[in-house]
Amino acid sequence: MTPALIEVRNVRKAFGGVVANRDVSLDVERGRITGLIGPNGSGKTTLFSSIVGQHPIDSGSIRFEGREISRLDVQRIARLGLLRTFQQTRIFSKMDCVQNLLVSLPHRETAWSHMFRRYPPEVIEKAERLLEFVGLYAKRRLVAGSLSFGQQKLLEFAMALMNEPKVLLLDEPTAGINPTLVNALIERLKRSNREFGITLFVIEHNMRVIMNLASRIYCMSRGELLASGSPAEIRDDRRVIDAYLGAQ
C-alpha cells in the first residue's frame, strides 16, 4: 500500500454548538489524487482548513509525513510543503502574472515591496515556465485582474506550483469556471501529479470532474465521513446517492 502522506484520525471541530467535523478519519496517499465530496455544509472546507492550520482542531490527530501538525500554524505547515487553494481566488489583481508568481514565494516583506526586488533570471524563467504549463504564457505581462475567473484560478494554481509543494489541497478548483476551461484544468492537475510528483487532495462538487481525477474518493455528510472507495464504488454507493439527492 502506498504510504499515507496525510493521516487524519478522529478529528473533531466545532464552532460554538455547531459540530463541523465529527470523528473524521482518512488518509491521503503519497503520489495520488484523492477526492473529497459531499453536499454543501458537510464539513469539507473546515477539514481542509484544519489540515493547513487555519482552524485548530478540538480533538483528534493530523499527521503529515508521520509528524503531528495539528498544533502548528499556517506558515510552519506551509514550510513543510503543504499548501492549499481556495474557492475564491487570492491573487494580486494589480500585478501582472509573472509578478504574482514571484510574490507567492516565501518572504517577510509586503507584496508591494516585492514588486521592486530584482529576482535572479532563473527564478523569472521558472515563473514563465509555470505560466506556460497552465496555459497563461501569452498573458504573462497582463495584470491579473484582467483575466477571466477561470484564468485567475489557473494563475493561483501556478502560484502554488511556484512553491514546489509536496501536497496541494484544492478547494473546488473548477467552481465558476467556463466549461471550455474545465477540461484544460483537469489535464493540468493530472500533469502536475504525474510530472511534478505533487500529491493532490481535491474538494469538488462536479462529479464528472472528481470521477475523472481521483483514484480514491471520500464522501462526507453532516460533518461525518459517510463512505470511501474507488470512483466506481462511490458512484454506486447508495449512501452517497441518498446524501446528494437529499440535499437537493
request  = Kindly provide the set of residues from segment 21-41 that are surrounded by 24 or more Cβ atoms within 10 Å (Cβ to Cβ) and either touching a Pro at 6+ places or on another chain (Cβ under 7 Å) or over 21 Å from Leu5 (Cβ atoms) (or both), ordered by number.
outcome  = Gly38
task = Inspect segment 56-71 for any residue being among the hydroxyl-bearing types (Ser, Thr, Tyr), closer than 28 Å to Val209 by Cβ, assigned to a loop (DSSP other than H, G, I, E, B) and outside the structural domain of Ala160 (by TED's automatic domain parsing) and give the result as yes or no.
result = no
key: Per-region count, segment 213-241, residues among the β-branched types (Val, Ile, Thr) and within 19 Å of Leu200 (Cβ to Cβ)   = 2
request  = Kindly list the number of the only condition in (1) without any contact (Cβ under 8 Å) to a residue 40 or more places away in the chain; (2) farther than 19 Å from Thr45 by Cα that fails for Val209.
outcome  = (2)
inquiry  = Just to be sure before I move on: is Asn21 part of a loop (DSSP other than H, G, I, E, B) and more than 19 Å from Val167 (Cα to Cα) in the structure I sent?
reply    = no
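Rundown of residues vs (1) of a type in the set (Gly, Ala, Ser); (2) crowded, with 21+ Cβ neighbours inside 10 Å; (3) in contact with a Cys (Cβ under 9 Å, 6 or more places away or on another chain), yes/no style:
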| residue | (1), (2), (3) |
| --- | --- |
| Leu155 | no, yes, yes |
| Leu170 | no, yes, no |
| Ala175 | yes, no, no |
| Asn178 | no, no, no |
| Leu181 | no, no, no |
| Glu187 | no, no, no |
| Gly197 | yes, no, no |
| Phe201 | no, yes, no |
| Arg208 | no, no, no |
key: Selection from segment 44-53 of residues that are surrounded by fewer than 24 Cβ atoms within 10 Å (Cβ to Cβ) and of a type in the set (Gly, Ala, Ser)   = Ser49, Gly53
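The values are calculated or read from the model by the stated rules, or taken from the named source; none is laboratory data. Predicted model only: the values in this text are computed from it and were never measured. Neighbour counts run over all protein chains shown; Cβ positions are idealised from the backbone, glycine included.
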